[in-house]
Amino acid sequence: MQPNGIEGQRYRDVMSAFPSGVVVLTAFGEDGQPRGLTVSAFCAVSLDPPLALVCVDKTSNTLPAVKHTGGFTANILAAGREQIARRMATKLTDKFDGLSWSRPGGSVGGPILRDEIAAYAVCVLRETIDAGDHWILIGLVTAGSHFHDVTPMVFQRGSYG
């Protein structure tokens, strides 16, 4: 017999105790416009080949753009960029207005948020796994960079730090 899962709010409380980085996942839509959302479930999967995974809510407005382009960019936010994290967590259509960003080289990936990040990884979508109310996206990291002097943002128990 399969056990029942933990109650939703208790699960959320338990998981919020684990600090995570804050990532803005980006891609370009069919209209060529940038799309993005804030995620906290992003991690390395493999060194050889270089794979990373991200978990995306199935109702995300950015998900069709990721599927359309076959890839995404994971922008690891710098500390102090709470406003960007909150903005990208909404369903607004003008999330990128006033932001400085650049296109990655090649045909995949989304905007690189130049002035807002501690690092970024451009990924080609390799696999999509159905996981409850989210999709697990596994990407092959094809480009990226990090900035030694920039501290990454952390999210824990509903607060940014």
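The values are calculated or read from the model by the stated rules, or taken from the named source; none is laboratory data. Small disclaimer: the values here were computed from a predicted structure and weren't measured. In this analysis, Cβ positions are derived from the backbone assuming ideal geometry, glycine residues included, and neighbour counts consider all displayed protein chains.
Assorted remarks:
- Of the residues making up the stretch 111-134, those that are assigned to a strand (DSSP E or B) and small (G, A, S) are A118, A119, A121, A131.
- Those residues of the stretch 45-54 which are surrounded by fewer than 18 Cβ atoms within 10 Å (Cβ to Cβ) and either among the hydroxyl-bearing types (S, T, Y) or under 20 Å from S16 (Cα atoms) (or both), in sequence order: S46
- When residues of the stretch 17-32 are limited to those that are at pLDDT 80 or above and among the aliphatic types (A, V, I, L, M), the one surrounded by the most Cβ atoms within 10 Å (Cβ to Cβ): V23
- Pairs where the first residue, in the stretch 5-25, is assigned to a helix (DSSP H, G or I) and the second is basic (K, R), C-beta under 9 Å, 6+ apart: D13/R157; S16/R157
- Among (1) over 11 Å from the mean Cα position of the chain (by Cα); (2) modelled with pLDDT of 95 or more, the one test that V14 misses: (2)
- Residue in the stretch 147-154 that is closer than 18 Å to G36 by Cα, modelled with pLDDT of 95 or more and in a loop (DSSP other than H, G, I, E, B) present: no
Table: residues versus (1) within 13 Å of the chain's Cα centre (by Cα); (2) assigned to a helix (DSSP H, G or I); (3) surrounded by fewer than 21 Cβ atoms within 10 Å (Cβ to Cβ); (4) of a type in the set (D, E, K, R).
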| site | (1), (2), (3), (4) |
| --- | --- |
| T59 | no, no, yes, no |
| P64 | no, yes, yes, no |
| K67 | no, yes, yes, yes |
| T93 | no, no, yes, no |
| F96 | no, no, yes, no |
| G109 | yes, no, no, no |
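Conditions tested, residue by residue: (1) among the small types (G, A, S); (2) in contact (Cβ under 8 Å) with a residue 12 or more places away in the chain; (3) farther than 19 Å from D57 by Cβ; (4) surrounded by 18 or more Cβ atoms within 10 Å (Cβ to Cβ).
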position: G71; (1), (2), (3), (4): yes, yes, no, yes
position: T90; (1), (2), (3), (4): no, no, no, no
position: V122; (1), (2), (3), (4): no, yes, yes, yes
position: W135; (1), (2), (3), (4): no, yes, no, yes
position: L140; (1), (2), (3), (4): no, yes, yes, yes
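- Restricting the stretch 37-54 to residues that are over 8 Å from the mean Cα position of the chain (by Cα), assigned to a strand (DSSP E or B) and in contact (Cβ under 8 Å) with a residue 12 or more places away in the chain, the residue that is nearest to A131 (Cα to Cα): L53
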